[in-house]
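Chemist: Encoded as structure tokens, here's the structure I'll be asking about.
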Amino acid sequence: MRRFQEPVPSRSSEYQPRLPSDNALDYYLVAARSIQGSGDPVHQPPKPEDVRWVTRNERAFRLLQQGVGKPYRWHFEPSVHFFFDDAGKLRQMARLVATRIRWAIATKDGMDAVRDWRVGVRMAWDVQGDLAMNFLVGLAMESTVHAPIVSEMDFFSSAECRAMADTLVRMERSPDRFPTAIEGERMLYLRWLEEMLPPGKPDALLETVRTEWNMDPQTGKPLEPEEPPEDEEERKQFEEQRQQYERLRPQMLALASSPAAYEELRARLRQELNRQIEQLLRALRLPYGRQLAALPENRYDPYTPFGYFVEMLTPSHTALLARYLEARARRRLMIAHLMLRVYRLQHGNYPDSLHALRLDELIVDPFSGKELVYRREGERYRLYSVGQDGKDDGGRLPQPGEHPVEGRELPRDLFLAREGWR
């Protein structure tokens with residue numbers, strides 16, 4: 001197996017893959033970087049310029065196809081200096097796949113649309129690991145590839161819907177890559193800590209005051225003139241931040257003059273970073289419906305160096321877990337929609353219950369731990385997840401012009417199809 005033995009690049013675009021390769025990522029990167037121009041995967045049927053874009057980029061898609069089915073490996077070590085700057089190109093690759101699917105639908109070739117969809121879904125699935133950034137990019141890619149299928153689901157035959165559902169079922173029942181993203185975040189933030197606060201260098205605290213805060217450590221005066229923002233809310237935040245920095249400054253000076261206290265701060269920060277990651281991994285192993293509730297809201301005093309650096313060095317684990325559960329809920333909604341169409345084409349009507357689809361645990365809503373909400377009404381049905389708050393709001397979406405009351409979020413449920421109706 002060929003290993004990545006060259007110096008680790010600081011940006012992914014500095015890495016030049018060599019094909020043929022035993023790594024799917026190499027094909028994904030080469031394919032994405034070779035795309036010429038841009039298209040719009042929204043229109044159905046596709047516009048003539050979108051069709052020309054697909055034709056012009058046939059080579060990019062063929063490269064992508066060659067990578068599908070190969071093992072996927074992430075080459076790079078997590079680093080604060082590393083930015084996944086190929087993310088936009090990979091998302092453009094997903095847009096190309098989506099446009100190909102729409103073109104296949106327009107030309108009445110359902111199986112060709114399914115084949116292209118499978119290629120795009122596998123690419124998105126592979127990307128959803130290693131770091132939180134990769135995970136989020138992969139989710140965006142998957143959503144893009146699903147979009148033409150969701151909007152044109154009634155076009156597909158029973159066999160085509162079942163083929164797509166079978167693909168998604170295998171994905172849902174396979175170990176996903178989200179835990180690798182969490183471990184990647186652990187490595188990234190621990191390395192960031194080492195770079196921000198190097199061992200044996202307490203003067204790094206003064207450097208933070210100078211460079212990050214634009215403040216003279218001794219006097220507290222700005223090193224360069226700063227104009228408060230004109231917007232009232234932004235100006236208020238600006239003033240609060242300056243007050244925070246002023247209260248932190250003498251504490252930073254004291255730590256910078258005490259190597260022992262500095263090393264104690266570093267040790268406490270490492271311990272807290274690891275504690276939060278373990279907390280997230282434990283929550284991930286809980287049954288659906290309990291995971292978000294198991295993540296307590298971590299509060300820190302922002303007027304202490306420990307609280308300041310913890311807030312800087314830890315991602316929003318609750319938001320990340322919510323995105324993960326939302327992705328799984330949407331995937332399960334899509335499986336159910338596809339199999340409901342199969343059922344209708346075979347029996348002439350929709351079932352009274354999702355149990356008739358024989359999907360077992362895949363009709364469970366990740367946000368509630370209970371079944372996805374399904375209601376048959378006449379010749380139509382409504383299907384949705386209760387969403388992040390875990391409450392069934394009756395299949396409700398906020399209406400145009402509706403605003404939260406007293407700072408509370410508007411009641412809403414999570415749909416895949418437009419307004420949940422089919």
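Chemist: Local charge sum around ASP86 (other residues, Cβ-Cβ under 9 Å, Lys/Arg +1, Asp/Glu -1)?
Modeler: It works out to a net charge of +2.
Chemist: Also, quick follow-up: Using R₀ = 22 Å, calculate the FRET efficiency as 1/(1 + (r/R₀)^6) where r is the Cβ-Cβ separation of GLU239 and ASP301; round to 0.05.
Modeler: After rounding, the FRET efficiency stands at 0.70.
Chemist: How would you rank 142-148, 170-176, highest first, on the average number of other Cβ atoms within 10 Å across their residues?
Modeler: Output ranking for 142-148, 170-176: 142-148, 170-176.
Chemist: Highest mean first, what order results for 126-137, 358-369 on Cβ atoms within 10 Å?
Modeler: Per-residue Cβ counts within 10 Å, averaged per peptide and sorted highest first, yield 126-137, 358-369.
Chemist: Indicate the gyration tensor shape class of the range 238-281 (rounded, prolate or oblate), computed on the Cα atoms with a ≥ b ≥ c the square roots of the eigenvalues: a/c under 1.5 is rounded; otherwise a/b larger than b/c is prolate and the rest oblate.
Modeler: Because a/c hits 1.5 or more and a/b fails to exceed b/c, the range 238-281 counts as oblate.
Chemist: Can you tell me how much longer the chain between GLN279 and GLU232 gets when fully stretched, taken as 0.36 nm per residue apart minus their C-alpha distance, in nm with one decimal?
Modeler: So the extension gain works out to 13.1 nm.
Chemist: Can you tell me the convex hull volume per residue for the chain, based on C-alpha atoms, in Å³ to the nearest whole number?
Modeler: Given the Cα convex hull of the chain, per-residue volume reads 187 Å³.
Chemist: By a straight-distance test (C-alpha under 18 Å), which aspartates and glutamates pair with LYS391 as possible cross-link partners, with residues fewer than eight away in the same chain excluded?
Modeler: GLU326, ASP365, GLU371, GLU409, ASP413, GLU419
Chemist: Put a dot 7 Å past each Cα toward the Cβ at GLN346 and ASP360; how far apart are the dots in nm?
Modeler: Between ASP360 and GLN346, the label points sit 1.7 nm apart.
Chemist: If the viscosity is 1.306 mPa s and the temperature 10 °C, what translational diffusion coefficient in µm²/s does Stokes-Einstein give for the range 194-272 when Rh comes from Kirkwood over Cα pairs?
Modeler: Estimated via Stokes-Einstein, D reaches 116 µm²/s.
Chemist: Still on this structure, please answer the following. Which of the helices in the chain meet the span-like rule: DSSP H, Cα axial reach of 30 Å or more, Kyte-Doolittle mean at least 0.5?
Modeler: Qualifying helices: none.
Chemist: Further question on the same structure: If you roll a 1.4 angstrom probe over the protein chains with everything in place, what fraction of the accessible area of the chain belongs to carbon and sulfur, to the nearest %?
Modeler: C and S fraction of accessible area: 49 percent.
Chemist: Could you estimate the translational diffusion coefficient of the range 35-168 from the Stokes-Einstein equation, with Rh from the Kirkwood formula over C-alpha pairs, at 37 °C and 0.692 mPa s, in whole µm²/s?
Modeler: 214 µm²/s
Chemist: Label points 7 Å out from Cα along the Cβ direction at GLU263 and THR219: separation in nm?
Modeler: 3.5 nm
Chemist: On average over all directions, what projected area in square nanometres does the range 270-320 have, based on the convex hull of its Cα atoms?
Modeler: 3.5 nm²
Chemist: May I ask you to list the aspartates and glutamates whose Cα is less than 15 Å away from that of LYS108, ignoring any residue fewer than eight positions away on the same chain?
Modeler: Qualifying aspartates and glutamates at Cα under 15 Å: ASP116, GLU152, ASP154, GLU160.
Chemist: To continue, here is another question. If packing is taken as the average count of other Cβ atoms within 10 Å, what order do 249-259, 347-357, 64-74 fall into, highest mean first?
Modeler: Per-residue mean Cβ counts within 10 Å order the peptides as 64-74, 249-259, 347-357.
Chemist: If the convex hull of the alpha-carbon atoms of the range 106-214 is projected onto planes in all directions, what is the mean projected area in square nanometres?
Modeler: 10.0 nm²
Chemist: Based on alpha-carbon centroids, what's the gap between the range 61-135 and the range 249-285 in Å, whole number please?
Modeler: 38 Å
Chemist: When the Cα centres of the range 174-202 and the range 356-392 are compared, how far apart do they sit, in Å?
Modeler: Taking the Cα centre of the range 356-392 as reference, the centre of the range 174-202 is 36 Å away.
Chemist: Right, another one. Taking the Cβ of ALA327 as the centre, find all other residues whose Cβ is under 11 Å away and add up their charges (Lys, Arg: +1; Asp, Glu: -1).
Modeler: Computed value for this residue: +1.
Chemist: If you add up the charges near VAL30, with Lys and Arg at +1 and Asp and Glu at -1, over every other residue whose beta carbon is less than 12 angstrom from its beta carbon, what do you get?
Modeler: +3
The values are calculated or read from the model by the stated rules, or taken from the named source; none is laboratory data. Here the structure is a predicted model, which means the values were calculated and not measured. No Cβ is skipped: glycine too gets one built from the backbone with ideal geometry, and neighbour counts run over all protein chains shown. The accessibility values were calculated without ligands, DNA or RNA, using every heavy atom of the protein model including side chains. Shrake-Rupley method; radii C 1.70, N 1.55, O 1.52, S 1.80 Å.
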